[in-house]
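Written below as structure tokens is the structure these notes are about.
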Amino acid sequence: MNNHGIQNQRHSVEGANSDGAFRTVQLLRAGSLQFGIFADEIAAIAAWREPTPLPHAPKSVLGVASIQGRMLTVLDLASLPGREAVSTAAAAQHLIALRGDEQLALAVDGLGETIELADGDFDTRQENDETFVLGVLHREGAEIYILNPKELFPTAIQGHERRRRRF
């Protein structure tokens, strides 16, 4: 999917949301886990580029990368606390740049299809305290974790203190 396609989807998804119908979800894979993220949360999908590492960052923060002139913190979905995926031989192939103030990108092994979901299509009951998962979609025998972008960064730095300016 190119950036133009994402822009077009964003407008159609916003229109669909106004009457409570459907939302478009981009499916993706990180390690042995499958995830989904609402298309209107995606700013761009870029080919993999190696992020510049950040000193003392947790394992799930790979570093920073420039996408479309923005410096984004790259998170490894496969190593987020609570959902560590079984390591696969496949290296990350794409960066998913997210919209929002936190300026995040996700490292993913593969992109899946885009699907339309209604609000009741996925299970929102949480069996655990993982706030970065909005719910679980059961599809073709697989569990697909629908991501909550607002909780990705707090989850990634869990247990690490953020650097603060000292005056």
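Observations, loosely collected:
- Top-ranked residue of the stretch 104-122 - restricted to ones that are hydrophobic (A, V, I, L, M, F, W, C) and surrounded by fewer than 16 Cβ atoms within 10 Å (Cβ to Cβ), ranked as nearest to the chain's Cα centre (by Cα): Leu111
- Options Arg70, Arg99, Arg125: the member that is among the basic types (Lys, Arg), loosely packed, with under 14 Cβ neighbours inside 10 Å and at pLDDT 90 or above: Arg70
The values are calculated or read from the model by the stated rules, or taken from the named source; none is laboratory data. This structure is a prediction, so every number in the text was calculated from the model and none was measured. We place every Cβ from the backbone using ideal geometry, glycine too, and count neighbours over all the protein chains shown.
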